[in-house]
Amino acid sequence: MAVDICSIWEGIVIGAVGGALAGLTVWGVGQLQRKWLERLHKYRIYSWLKTNLPDKDANEYRSTRAIASWNNLNEDRVRYICSIHDDIYLSTGEKEDMWSIYGVGRKK
């Protein structure tokens, strides 16, 4: 009843490679989900802002709280999404935490 050392090492290597592949798969799926959700939130917020800002000539903004409330997101998520979106900018005036889109009051 001799145990072959070679077969033990094969089992260890197969287990390690399988575990590494499973870990990479879980990580990759998590990254895809995060990117997809980020893209979805960008679309929702931008579409809402585009619909709810009055006319193209006014310098209008919407608050983080209003955006979060209407899009069913928390305020921190709205701040993050607005800050990374290429077409949304933060007010630099007296009012803090207000957002608008380029083309409404400001050009890129």
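What the table shows:
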item: Selection from the range 35-51 of residues that are β-branched (Val, Ile, Thr) and loosely packed, with under 11 Cβ neighbours inside 10 Å; result: 51
item: Some residue of the range 26-34 being at pLDDT 95 or above, surrounded by 10 or more Cβ atoms within 10 Å (Cβ to Cβ) and in contact with a His (Cβ under 8 Å, 6 or more places away or on another chain); result: no
item: Filtered residue count, the range 42-53, keeping only those that are in contact (Cβ under 8 Å) with a residue 12 or more places away in the chain and closer than 15 Å to residue 66 by Cα; result: 8
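The values are calculated or read from the model by the stated rules, or taken from the named source; none is laboratory data. Nothing here was measured: the structure is a model prediction, and the numbers come from that model. When we count neighbours, we look across all protein chains shown, and the Cβ atoms used for this are built from the backbone with ideal geometry, even at glycine.
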